[in-house]
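Here the structure is laid out as C-alpha cells; the discussion comes afterwards.
The values are calculated or read from the model by the stated rules, or taken from the named source; none is laboratory data. Since the model is a prediction, treat every value here as computed from it, not as a measurement. Ideal geometry is used to build each Cβ from the backbone, glycine not excepted, and the neighbour counts take in all protein chains shown.
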Amino acid sequence: MHKFLVFPTDNRKVPPDLHGAHLVGNDNVPIRADIRWEGKFIRCTPRMQDPVGLSLLWPTKGFGTIQLQTTRLPGREQPYNLHLELARHQLMRVTVKREEWGLFDYSGMDEIAARIDRSRDAFIRALQEADRPAAAARHADESLAHGLWAAEEMSHFHAAIFLGRRQQTGGFGRPFLGVKIPEGGTGPEGARRAAEAFDFVYLPFVWRNIQPAEQAPSYEALEATVKACSAARLALRGGPLLSFGVSSVPDWMYIWENDFESIYEAAREHVERTVQRFSKQISSWVVASGVQADNVFGFSIEQTMELTRMAATVTKQVAPRSQVLIDLSQPWGEYYARNQQTVPPLLYADMAVQSGINFDGFGLQFVFGLASDGFHLRDPFQVSALIDKLANLGKPLHITAIGAPSCLAPEADAGPPGGEWHAPWSEAVQAEWLRTLCEVALSKPYVETVCIQSLVDGPDNIIAGGGVLRADLTPKPAFTSLVELRKRLLAGLDK
C-alpha cells in the first residue's frame, strides 16, 4: 500500500478527482491498482509488492496541468509527500536527460543550467523541511516548477541544435510534413489549402464505413478524395487498414466474435482488396493502428501479432514498393492499467521487431486534450524522451498524429480535464504547441515524417477544435505557423 499526502499550496485546491491516475512499475509499464482519495491522502493499493510510482494530472502554477509521475517507491504505512516525490522525479529525469543529450558544459546552456540549479536548491530545502510537510510541499512545488521549465527549455535547445544540423545535411529533401483530412474529404478547395502547408495527406480508411454490409464494400467517397488530393499534387498515405476499436469494426463482424479464423480471413480480404485498389495512388500505408490498445474482440497477444503480421505481409505482397507502418496509439500505455488483455506499447513494438514482421517503421500518436486515458497532456520534454526511447528499437519513426484543441470543450468549463499547457487552450496556444512538437520531432534524425491530426474542424474530430483550418476553411494561427516552419526548414535546399 502507498499513501501520498497532498496540500493545497499556491492557494489552489487539491486535484478534484483522479481520472487518469494510475501506477507504473518497472520500465514505467502501467499496472493495475485501486487508487482513491482518503481524507488528505491519495491511497494506492497495487496488485504487486514491487516498488511503484504514481502518475496523475497535476497542476503547476505558471506552467499548466500535465501528466506527471513520482519515482518508484516501496510500499509503506507512513505516507509520502506527493509534492516532494513529483519534484524528485522531475529533477532526476532532467539530470539524466541532460547527460544523455551531452548538454553538460555545452555552450549556450548557462541559463538553463541555472534554472536546474534553482530546482535542485529548492528540492534540498524541501528535504530539510521533512518534519514540516506543508512547508516541504511549498518548496517542492517551487522545485517542480523550475524543473518543468528547465526541461522544456532544454528540449527546445536540443531541438534547435539538431534541426540546424539536419537542415544543413539536406535532411528535409523528402516530404516530411503532412496532415490528416476528414473521412469524407474536403473537396478540391480543402486539398488546395492542404497543399499550401503540407507535403502529404493522410486519408482515413475506416473499415466500418468502407464495408457496412459484408458483401458490399464501397470506395467511391475515398476515390473522390484521392482524385482531389492528387490534383493538388499531394503525396498520399492511407490507413489504418486494421483497427479493432468500436468505431472501426463493421457491425456484421460481431457474429464471429469467438471465431478468430473467420475474423482473420475477413481482415485479410479487406487489406488485400483495399491496397490493390489504391496501390497506384497511395505509396504509404498504416497497416495496423492501436491494435495493441483497443480491440472489441479481446484478442490474445499471439492473435494481435498474427493480425499485424498478416496486414504487413499482404500489403508488401500487393504493393511491394509501398511504405508499411505499424501505428502505436496511446504510446504511454495507460490503457494497460485498466485492461490486462491489452499489450503495453513498447512490448508490442519490440515483439513486432523481434518476430521478423516485414515493415518499414513505427507510427506514433501524440494527441492531447481529452479527459480520457491516452489523451492527457504530456509536455514537450516527455514527448522528446519517448521518441528517443522508441528509436532504440532500430526502426524509423513517423509521427502519425500530433493534435491539440484550439478551444476548451464545453464539458471543460469547470477546469482543464485533459490538461493545459501554459494557458487555457486557444488558437494561439494550439499554434505554439503544434509548432513546438513538430520542431522537437523533426529534430530527431530517425523521425522521417510528422503528420498533424486534423486539417479542418468538424463534428467528427477527436479533439474539439483540433483542426488547423476552421470549418469554413479559413486558416487558424496554427496553419500559418506550420507554413512558416515548413518554409524555414526547406530554406537553402535549392542553393
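Quickly run through the range 343-362 and pick out the residues that are polar (S, T, N, Q) and touching a strand residue (DSSP E or B) at 6+ places or on another chain (Cβ under 8 Å).
Once the filter is applied, which keeps residues that are polar (S, T, N, Q) and touching a strand residue (DSSP E or B) at 6+ places or on another chain (Cβ under 8 Å), the range 343-362 yields only Asn358.
Is it true that some residue in the range 124-138 is basic (Lys, Arg), assigned to a loop (DSSP other than H, G, I, E, B) and surrounded by fewer than 18 Cβ atoms within 10 Å (Cβ to Cβ)?
Here is the first cut: in the range 124-138, the ones basic (Lys, Arg) are 125, 132, 138.
Now restrict to residues that are assigned to a loop (DSSP other than H, G, I, E, B): 132.
This time we only want the ones that are surrounded by fewer than 18 Cβ atoms within 10 Å (Cβ to Cβ), so: 132.
Yes; the residues of the range 124-138 include at least one that is basic (Lys, Arg), assigned to a loop (DSSP other than H, G, I, E, B) and surrounded by fewer than 18 Cβ atoms within 10 Å (Cβ to Cβ).
If I go through the range 72-108 residue by residue, how many of them are among the polar types (S, T, N, Q), surrounded by fewer than 17 Cβ atoms within 10 Å (Cβ to Cβ) and either more than 21 Å from Glu142 (Cβ to Cβ) or in contact with a strand residue (DSSP E or B) (Cβ under 6 Å, 6 or more places away or on another chain) (or both)?
Summing the residues that are among the polar types (S, T, N, Q), surrounded by fewer than 17 Cβ atoms within 10 Å (Cβ to Cβ) and either more than 21 Å from Glu142 (Cβ to Cβ) or in contact with a strand residue (DSSP E or B) (Cβ under 6 Å, 6 or more places away or on another chain) (or both) in the range 72-108 gives 2.
What is the residue count in the range 200-232 for residues that are at pLDDT 95 or above and farther than 27 Å from Tyr264 by Cβ?
2
Do the conditions hold for Val314, that is, is it in the same structural domain as Gly418 (by TED's automatic domain parsing), at pLDDT 95 or above, assigned to a helix (DSSP H, G or I) and touching a helix residue (DSSP H, G or I) at 6+ places or on another chain (Cβ under 8 Å)?
Values: in the same structural domain as Gly418 (by TED's automatic domain parsing): yes; at pLDDT 95 or above: yes; assigned to a helix (DSSP H, G or I): yes; touching a helix residue (DSSP H, G or I) at 6+ places or on another chain (Cβ under 8 Å): yes.
Yes, satisfied.
A quick yes/no check of all residues on (1) among the hydrophobic types (A, V, I, L, M, F, W, C); (2) at pLDDT below 95:
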{"position": "Cys44", "(1), (2)": "yes, yes"}
{"position": "Leu54", "(1), (2)": "yes, no"}
{"position": "Tyr80", "(1), (2)": "no, no"}
{"position": "Arg93", "(1), (2)": "no, no"}
{"position": "Arg118", "(1), (2)": "no, no"}
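Kindly indicate which of Ala151, Ala114 is out of contact with any strand residue (DSSP E or B) (no Cβ under 6 Å at 6 or more places or on another chain), buried (at least 18 other Cβ atoms within 10 Å of the Cβ) and modelled with pLDDT of 95 or more.
Selected residue: Ala151, the only one of Ala151, Ala114 that is out of contact with any strand residue (DSSP E or B) (no Cβ under 6 Å at 6 or more places or on another chain), buried (at least 18 other Cβ atoms within 10 Å of the Cβ) and modelled with pLDDT of 95 or more.
Return only the number of the condition from (1) in the same structural domain as Ala478 (by TED's automatic domain parsing); (2) in a helix (DSSP H, G or I) that Tyr202 does not satisfy.
Among (1) in the same structural domain as Ala478 (by TED's automatic domain parsing); (2) in a helix (DSSP H, G or I), the lone unmet condition for Tyr202 is (2).
Kindly establish whether Arg166 is assigned to a helix (DSSP H, G or I), modelled with pLDDT under 95 and among the basic types (Lys, Arg).
yes
Keeping to the range 45-70, report how many residues are buried (at least 17 other Cβ atoms within 10 Å of the Cβ) and under 20 Å from Trp332 (Cα atoms). Before the answer, list the steps.
Narrowing the range 45-70 to residues buried (at least 17 other Cβ atoms within 10 Å of the Cβ): 46, 52-60, 63-70.
Next, from what is left, pick out any that are under 20 Å from Trp332 (Cα atoms): 46, 52-59, 64-70.
Summing the residues that are buried (at least 17 other Cβ atoms within 10 Å of the Cβ) and under 20 Å from Trp332 (Cα atoms) in the range 45-70 gives 16.
Can you tell me how many residues in the range 173-191 are of a type in the set (Phe, Trp, Tyr) and either at pLDDT below 90 or part of a strand (DSSP E or B) (or both)?
Within the range 173-191, residues that are of a type in the set (Phe, Trp, Tyr) and either at pLDDT below 90 or part of a strand (DSSP E or B) (or both) number 0.
Yes/no per residue for (1) crowded, with 23+ Cβ neighbours inside 10 Å; (2) farther than 18 Å from Arg208 by Cβ:
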{"residue": "Arg277", "(1), (2)": "no, no"}
{"residue": "Ser283", "(1), (2)": "no, yes"}
{"residue": "Ala293", "(1), (2)": "yes, no"}
{"residue": "Phe297", "(1), (2)": "no, no"}
{"residue": "Ala311", "(1), (2)": "yes, no"}
{"residue": "Gln317", "(1), (2)": "no, yes"}
{"residue": "Val324", "(1), (2)": "yes, yes"}
{"residue": "Gly333", "(1), (2)": "yes, yes"}
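Within the range 46-76, how many residues turn out to be among the β-branched types (Val, Ile, Thr) and part of a loop (DSSP other than H, G, I, E, B)?
2
So for the range 77-86 (the condition being outside the structural domain of Arg486 (by TED's automatic domain parsing) and in a strand (DSSP E or B)), does at least one residue qualify?
Taking every residue of the range 77-86 in turn, at least one turns out to be outside the structural domain of Arg486 (by TED's automatic domain parsing) and in a strand (DSSP E or B).
Regarding the range 29-42, can at least one residue be identified that is farther than 18 Å from Ala87 by Cβ, out of contact with any helix residue (DSSP H, G or I) (no Cβ under 8 Å at 6 or more places or on another chain), surrounded by 16 or more Cβ atoms within 10 Å (Cβ to Cβ) and not aliphatic (A, V, I, L, M)? Write out each step before concluding.
To start, the set of residues in the range 29-42 that are farther than 18 Å from Ala87 by Cβ comprises 29-41.
Next, only the ones that are out of contact with any helix residue (DSSP H, G or I) (no Cβ under 8 Å at 6 or more places or on another chain) stay: 34-41.
Those still in the list that are surrounded by 16 or more Cβ atoms within 10 Å (Cβ to Cβ) too: 35, 41.
Narrowing the set further to residues that are not aliphatic (A, V, I, L, M) leaves 41.
Yes, the range 29-42 contains at least one residue that is farther than 18 Å from Ala87 by Cβ, out of contact with any helix residue (DSSP H, G or I) (no Cβ under 8 Å at 6 or more places or on another chain), surrounded by 16 or more Cβ atoms within 10 Å (Cβ to Cβ) and not aliphatic (A, V, I, L, M).
Of (1) closer than 17 Å to Gly25 by Cβ; (2) over 27 Å from the mean Cα position of the chain (by Cα), Val52 satisfies all except one. Which?
Tallying (1) closer than 17 Å to Gly25 by Cβ; (2) over 27 Å from the mean Cα position of the chain (by Cα), Val52 fails exactly one: (2).
Only one of these is over 27 Å from Met154 (Cα atoms) and not assigned by TED's automatic domain parsing to the domain that holds Ser384: Ile66, Ile116, Ile42, Ile112. Name it.
Criteria check complete, one pass: Ile42.
Any residue at all in the range 368-378 that is part of a strand (DSSP E or B), modelled with pLDDT of 95 or more, within 20 Å of the chain's Cα centre (by Cα) and under 29 Å from Glu153 (Cβ atoms)?
No - not one qualifying residue is present in the range 368-378.
For the range 451-464, name all the residues that are modelled with pLDDT of 90 or more and either farther than 23 Å from Ser284 by Cβ or in a loop (DSSP other than H, G, I, E, B) (or both).
If the condition is that a residue be modelled with pLDDT of 90 or more and either farther than 23 Å from Ser284 by Cβ or in a loop (DSSP other than H, G, I, E, B) (or both), then Gln453, Ser454, Leu455, Asp457 are the ones that fit.
Please determine, by comparing only the residues of the range 389-401 that are in contact with a Phe, Trp or Tyr (Cβ under 9 Å, 6 or more places away or on another chain) and part of a helix (DSSP H, G or I), which one is surrounded by the fewest Cβ atoms within 10 Å (Cβ to Cβ).
It comes out as Ala391.
Of the conditions (1) surrounded by fewer than 20 Cβ atoms within 10 Å (Cβ to Cβ); (2) out of contact with any Lys or Arg (no Cβ under 9 Å at 6 or more places or on another chain), Ser243 fails just one. Which one is it?
Against the list (1) surrounded by fewer than 20 Cβ atoms within 10 Å (Cβ to Cβ); (2) out of contact with any Lys or Arg (no Cβ under 9 Å at 6 or more places or on another chain), Ser243 comes up short only on (1).
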